[in-house]
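Asks: Got a structure here, written out as C-alpha cells. Questions coming.
The values are calculated or read from the model by the stated rules, or taken from the named source; none is laboratory data. As the structure is a prediction and not an experimental result, all values here were calculated from the model. Neighbour counts are summed over all protein chains in view; Cβ atoms, including those assigned to glycine, are modelled from backbone coordinates with ideal geometry.
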Amino acid sequence: MKKLIVFDLDGTLAESKASLDAEMATLFSALLKIVKVAVISGGDWPQFETQVLSNLPHDEHMKNLSLLPTCGTKFYQYAGDWKKIYSEDFAADQKEKIVSSLKQALEAAGFKVEKVWGEKIEDRGSQIGISAKVLKLSY
C-alpha cells in the first residue's frame, strides 16, 4: 500500500484558484482516513485555507494531511491546529531585487497591462511571481 499520495491543487484537485467541489471534498476526506496525503501549489497559505481546508471536516484525520504552499517552500502539518514547519522566505534585499527585475522584464518585453484584477507581482514570502491570471495584457 502507498504511504503518501501527493496532489497539485490548481488544475488537479480543483479548478485554478477555485475551492474543492463537494464531490472532491468527500473523496479527499475519505482518502485522508486511509493514507497520508500532501497537497502542493504555487499559492500561499491563505489559498489553502480557502480552497482546501474550508471544505474539509476538521477531525482527527487532518493529521494525515500535509500542505506545501508556494511550490513547497513552506510546509504545514496539523497537530491540533495548523503549524508551520518551515518557510524559506526571501530577505528584504532579495525581494527588492526580484520585484525590480520582474518589473524591468515586463517593461522590456513591451507588455502593457490593460486591467488588473489583483496583485500583478505577488510576494508570497518564499516565492515572488507574476500572476498571469490577474493580467489582461496587450502588445
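Asks: Please determine whether any residue of the range 91-101 is in a strand (DSSP E or B) and surrounded by 16 or more Cβ atoms within 10 Å (Cβ to Cβ). Before the answer, list the steps.
Replies: Looking only at the range 91-101, we keep the residues that are in a strand (DSSP E or B), and these are none.
No - not one qualifying residue is present in the range 91-101.
Asks: Just a yes or no: is a residue in the range 63-79 buried (at least 17 other Cβ atoms within 10 Å of the Cβ), at pLDDT below 95, touching a strand residue (DSSP E or B) at 6+ places or on another chain (Cβ under 8 Å) and among the aliphatic types (A, V, I, L, M)?
Replies: no
Asks: A further question follows. Examine the range 47-64 for a residue that is of a type in the set (A, V, I, L, M) and within 21 Å of SER126 (Cβ to Cβ), and state whether such a residue exists.
Replies: Kept after step one, since they are of a type in the set (A, V, I, L, M), are these residues of the range 47-64: 52-53, 56, 62.
Retained after the next criterion (residues that are within 21 Å of SER126 (Cβ to Cβ)): 52-53.
Yes: the range 47-64 contains one or more residues that are of a type in the set (A, V, I, L, M) and within 21 Å of SER126 (Cβ to Cβ).
Asks: Hey, another quick one. Does LYS84 count as basic (Lys, Arg) and over 16 Å from the mean Cα position of the chain (by Cα)?
Replies: Considered against the rule, which asks whether it is basic (Lys, Arg) and over 16 Å from the mean Cα position of the chain (by Cα), LYS84 comes out as no.
Asks: Among what's in the range 43-56 and is assigned to a loop (DSSP other than H, G, I, E, B) and modelled with pLDDT of 95 or more, pick the residue that is nearest to GLU15 (Cα to Cα).
Replies: The initial filter retains those residues of the range 43-56 that are assigned to a loop (DSSP other than H, G, I, E, B), namely 43-44, 52, 56.
In the following step, the residues that additionally are modelled with pLDDT of 95 or more were identified as 52, 56.
Details: VAL52: 12, LEU56: 17 Å.
For the range 43-56, the residue satisfying everything is VAL52.
Asks: Among the residues of the range 14-42, write down those that are part of a loop (DSSP other than H, G, I, E, B) and free of Cβ contacts under 8 Å to residues at least 40 places away in the same chain. Give the steps one after another, and end with the answer.
Replies: Quick first cut of the range 14-42, residues part of a loop (DSSP other than H, G, I, E, B) only: 15-21, 33-35, 41-42.
Within the range 14-42, GLU15, ALA18, SER19, LEU20, ASP21, LYS33, ILE34, VAL35, SER41 qualify.
Asks: Looking at the range 114-130, I want the residues that are aromatic (Phe, Trp, Tyr) and have a partner that is at pLDDT below 85 and surrounded by 15 or more Cβ atoms within 10 Å (Cβ to Cβ) with Cβ atoms under 8 Å, at least 6 apart or on another chain. Which pairs are those?
Replies: Final answer for the pair search is TRP117/VAL134.
Asks: Just to be sure before I move on: is ASP44 outside the structural domain of ILE128 (by TED's automatic domain parsing), among the charged types (D, E, K, R) and surrounded by fewer than 17 Cβ atoms within 10 Å (Cβ to Cβ) in the structure I sent?
Replies: Working: outside the structural domain of ILE128 (by TED's automatic domain parsing): yes; among the charged types (D, E, K, R): yes; surrounded by fewer than 17 Cβ atoms within 10 Å (Cβ to Cβ): no.
It is false that ASP44 is outside the structural domain of ILE128 (by TED's automatic domain parsing), among the charged types (D, E, K, R) and surrounded by fewer than 17 Cβ atoms within 10 Å (Cβ to Cβ).
Asks: Something else about it: Any idea which of GLU122, GLU114 is surrounded by 11 or more Cβ atoms within 10 Å (Cβ to Cβ), part of a strand (DSSP E or B) and at pLDDT below 90? Step through it out loud before you land on a result.
Replies: On the way: GLU114 fails: surrounded by 11 or more Cβ atoms within 10 Å (Cβ to Cβ).
Going through GLU122, GLU114 in turn, the sole match is GLU122.
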